[in-house]
Amino acid sequence: MSVFLLKVSKNMKINKRALICSAFLGAGLISSQAFSQTVRMDFSNEYNANSIHAQGDAYFIERVKELSGGSINITLHTGGALGFNSGDHFYAVADGAVEIADTLSGTMSGIDPIFLLSSLPFVVNGVDEARRLYEIAKPYYEAIFEESDQILLYASPWPPSGVWSKTAIDSQTDLRNLRIRTFDRNGTETFRNVGASPVSLSWGDVVPQLATGGISAVLTSAEAGANASFWEHQNYFSAIQYAIPLNMVHMNKDSFERLSDDEQAAIMEAARLTDTHNWAAVETRTEENYQVLSEYQVTLNDPVSDELIEALSEAAASVVENWLESTGERGMTILSQFRGE
């Protein structure tokens with residue numbers, strides 16, 4: 001009798017141990033299943049983490065995390081860490097090589113010239129006008145992304161573009177034969193018309209070219225130059241108020257459609273909030289940038305001479321005409337609506 005009870009007791013201990021092991025295995029499976037339900041995405045940005053664009057993208061990621069209850073985990077890769085720059089992004093996102101990207105609009109002009117709209121020289125006067133122009137053109141942008149299985153999420157505006165240079169630029173004479181970096185076709189054509197020697201470069205190539213003397217000036221914002229410590233190579237910033245170009249953040253459509261309805265809603269609401277955030281952020285950015293530049297003894301030329309603006313405006317007239325010709329009725333409709341014609 002006692003032998004029987006001993007066997008039963010031993011079996012009970014063994015079974016208890018088995019039940020405990022089963023419980024741990026089951027919990028592990030549940031935990032693994034919960035972990036696997038987290039959606040993970042990569043987000044490519046060629047600018048550094050302190051840039052206004054990377055900060056806007058980080059804001060978007062935080063809003064997505066909050067609104068999705070943590071079910072969507074997006075990793076932002078700045079400084080072109082994934083090996084993509086803006087010129088690569090359109091097809092990288094279309095092909096699913098990366099789920100989301102922040103792309104300088106003008107680099108997509110080979111896809112459609114409509115993407116040169118925001119960098120048309122001297123079309124907008126201030127952030128409010130730049131935003132209104134974007135809202136008018138947004139349906140056209142969305143249609144192009146849609147055709148390539150992508151979704152436009154939000155805009156990321158730059159502060160106004162100016163000219164960084166080694167020497168002062170006060171007149172058209174100072175621009176003649178100037179080896180200046182431009183960021184798209186509009187800038188290249190404008191500065192060629194005014195007598196400069198423009199070179200179109202992606203952002204990652206700018207500082208190396210400054211360091212080696214390949215270029216001596218850069219068309220970009222005070223923001224971009226501050227982020228890249230241009231004061232190590234340049235002494236002047238001329239605020240010509242050339243344009244307020246846009247970056248656009250776009251997402252692979254298949255990646256979006258694999259999300260649940262609630263997750264899709266979280267993405268779109270986060271995009272709406274980020275769009276509002278970005279336009280508000282750019283309003284104060286120039287003043288903040290100017291404070292940084294003054295700390296590094298960069299000479300600010302703001303406002304620039306009427307003579308310089310007049311020369312650049314004349315050089316830009318054919319750029320706008322050529323854009324209208326390349327975009328046809330779409331471009332005419334957008335600008336007519338913008339100008340209230």
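The values are calculated or read from the model by the stated rules, or taken from the named source; none is laboratory data. Because the structure is a prediction, the values reported are computed rather than measured. Ideal geometry is used to build each Cβ from the backbone, glycine not excepted, and the neighbour counts take in all protein chains shown. To get the accessible areas, we keep the full protein, side chains included, count just its heavy atoms, and leave off ligands, DNA and RNA. Shrake-Rupley method; radii C 1.70, N 1.55, O 1.52, S 1.80 Å.
Straight-line cross-link partners of K166 among the aspartates and glutamates, defined as a Cα under 14 Å from its Cα and at least 8 positions apart when in the same chain: D174, E232.
Note that the chain presents 47 Å² accessible area per residue, ligands and nucleic acids not counted, probe 1.4 Å. How would the chain be classified by its alpha-carbon gyration tensor: rounded, prolate or oblate, with rounded meaning a/c under 1.5 and the a/b versus b/c comparison settling the rest? The shape class here is prolate.
Remark: the Cα gyration tensor places segment 230-341 in the oblate category, a/c being 1.5 or greater and a/b not exceeding b/c. Highest mean packing comes first when the peptides 328-340, 181-193 are listed by Cβ atoms within 10 Å, giving 181-193, 328-340. Across the accessible surface of segment 220-337, with the other protein chains kept in place and a 1.4 Å probe, carbon and sulfur atoms take up 46 percent. The listed peptides 223-233, 115-125, ordered by packing as a protection proxy, come out as 115-125, 223-233 (highest mean of other Cβ atoms within 10 Å first). Taking 0.36 nm per residue of separation and subtracting the Cα-Cα distance, full extension of the segment from E310 to R176 would add 46.7 nm. Amide hydrogen proximity for I72: with H placed 1.01 Å from N in the peptide plane, the residues at 5 or more positions away or on another chain lying under 5 Å are V39.
Rounded to the nearest 20 debye, the dipole magnitude of segment 199-308 is 280 debye, with +1 charges on Lys and Arg beta carbons, -1 on Asp and Glu beta carbons, and the Cα centre as origin.
Helices of the chain meeting both criteria, an alpha-carbon length of 20 angstrom or more along the long axis and an average Kyte-Doolittle score not below -0.5, with helices taken as full DSSP H segments, are 2-36, 52-67, 306-327. Positive end of the dipole of segment 200-296 (Cβ unit charges, origin at the Cα centre): among T274, G214, H233, the Cα lying farthest that way belongs to G214. Simple rule: put +1 on each Lys or Arg Cβ and -1 on each Asp or Glu Cβ in the chain, find the dipole, and look at S202, I309, F256; the Cα lying farthest toward the positive end is F256. With the charge dipole of segment 116-182 set up from +1 on Lys and Arg Cβ and -1 on Asp and Glu Cβ about the Cα centre, the Cα lying farthest toward the positive end among the listed residues S148, L120, T173 is that of T173.
Summing Cβ point charges (Lys, Arg +1; Asp, Glu -1) relative to the Cα centre of the chain gives a dipole of roughly 2220 debye. Distance from the alpha carbon centroid of segment 200-231 to that of segment 54-81 works out to 27 angstrom.
P(r) tail, segment 135-250: Cα-Cα pairs separated by more than 22 Å, 38% of all pairs.
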